[in-house]
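Rule-based calculations on the coordinates, nothing more; no lab input. All of these numbers come straight from a predicted model, not from anything done at the bench. As a convention, Cβ positions derive from the backbone with ideal geometry for all residues, glycine included, and neighbour counts pool all protein chains shown.
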Amino acid sequence: MRVLPEHRAPHVAAIAPLEPFARSMEATFAHSARMVASGIDEHLPDADTLLACLPPGALLGSAHSYTRHLVYADPLERFSAMLLVWRPGQSSPVHGHRTWCAYRVLQGTLSERHYRWSPETRRARQTGQVARTAGDTFSVPAGLQHIHALGNASDAIAVSLHIYGVEPASIATGVNLLVDAELA
Ligand SMILES: [Fe+2]
């Protein structure tokens, strides 16, 4: 399923002088996302405290999909924090990001697949895969610079905390930029 919009540039000539600036924004976004991850490392409560924020029974997960539980909403709607519960075999779609996000593994092990965007094929090609274990914290900038899929390839429940740069009502549509992946 592709929901990545086709590039729209109705006034290319007018935009061209701003292209170097636009490219520099990639580095700015990446830097701001790293700052978020640094803040998480410094100020987040410990894993047990966070896991206690889950509703009763939520640690069992769901047979249908990984589950998401809102645990904090910024009063000014600048960010939201969610706990995700992953049963073995459950995975996110391949996606870039419409906004910054960061995550920390609280329990178990997640598998993160990395992809590189190809402007020619307008698809993402997998470049690697790494295991993320409890305590690992990572940030992801907005854009197609960092495309990934997270999932639970282990045989035990995994839980992660995700912080997104949107209000709760926008999490479903305002975070993931779904892309097609090239077939392996
Ligand atoms: Fe993501």
Practice task
Calculate how steeply helix 19-43 sits against the longest principal axis of the alpha-carbon atoms of the chain, using the helix alpha-carbon long axis, and give the answer as 0 to 90 degrees to the nearest 10.
Solution key: 10
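Kindly provide the helix-only [θ] at 222 nm of the chain, computed as the sum of -39,500 (n - 2.57) over DSSP H runs of four or more divided by all residues, to the nearest 500 deg cm²/dmol?
-6000 deg cm²/dmol
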Problem - Between the stretch 130-146 and the stretch 76-102, the Cα center-to-center distance that results, in Å - result: 10
Completion exercise
For the chain, inverting the pair-averaged 1/r of distinct alpha-carbon atoms gives a Kirkwood value in Å of 17.4
Problem - Fluctuation leader among I40, I163, I147 - the chain, Gaussian network, Cα springs under 10 angstrom - result: I40
Fill in the blank from the handout: Between R123 and residues 5 or more places away or on another chain, the pairs with built amide H atoms under 5 Å apart involve S118
Problem - Nonlocal amide H pairs with Q145, under 5 Å, H built at 1.01 Å - result: none
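Taking the Cα centre of the chain as the origin, how large is its charge dipole in debye, to the nearest 20, when only Lys and Arg (+1) and Asp and Glu (-1) carry charge on their Cβ atoms? List each step's numbers first, then the result.
Values: 15 positive and 16 negative charges, 98 e Å.
Using Cβ point charges on Lys, Arg, Asp and Glu, the chain gives about 480 debye.
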